[in-house]
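Step one of this worksheet: look at the structure below.
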């Protein structure tokens, strides 16, 4: 007398089919995992490979963060100058709004390949954004908010300076923080793409 799967005709064939399906399913999962890994590696791009200097240079070129740092620096100086000249509230608010906009744009380029640079830039952009908001709100005559904005502007410049120093230490080159486009082939911007 037959026992187990042999007792019922056709059961052995179904058991083999299920086992084959499980093996095929396992192979499919493995293939999917490998494909996802390859896709993620391809998406990572050159910015996540190479030496720290190569990664930083690649990030600067790809994100145009040098220009973002330069824009925020120029905005901070413009806000400080506008406040010192006691410009009308509307003109001052325009400068303050530009600072918040450029701070947001710079923040969108983060993270960097280096956690210290990321932290320095994040702090700088967050302080610039807060300075712009305080400046905008205080431009109508709130001296406390204007004073707070000025303090945050100074803090922003110090944080940007630390980020540039760290980028220079990593890459060996001072990043261009120009906000204008250089002529093609000028060779003056080592990070130009």
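Anything in segment 72-92 that is under 16 Å from residue 140 (Cα atoms) and assigned to a helix (DSSP H, G or I)? List them, or say none. Don't jump to the end; show me each part of the working.
Let us first name the residues in segment 72-92 that are under 16 Å from residue 140 (Cα atoms), namely 79-80, 82-92.
Those that are under 16 Å from residue 140 (Cα atoms) and assigned to a helix (DSSP H, G or I): 79, 80, 82, 83, 84, 89, 90, 91, 92.
Answer yes or no: is there a residue in segment 146-156 that is farther than 16 Å from residue 87 by Cβ, assigned by TED's automatic domain parsing to the domain that holds residue 80 and surrounded by 20 or more Cβ atoms within 10 Å (Cβ to Cβ).
yes
When you go through (1) modelled with pLDDT of 95 or more; (2) in contact with a helix residue (DSSP H, G or I) (Cβ under 7 Å, 6 or more places away or on another chain) one by one for residue 94, which number turns out not to apply?
Unmet condition: (2).
The values are calculated or read from the model by the stated rules, or taken from the named source; none is laboratory data. Computed from a prediction, not measured in an experiment: that's the story for all the values here. Counting neighbours? That spans all protein chains shown, and the Cβs are built from the backbone with ideal geometry, glycine included.
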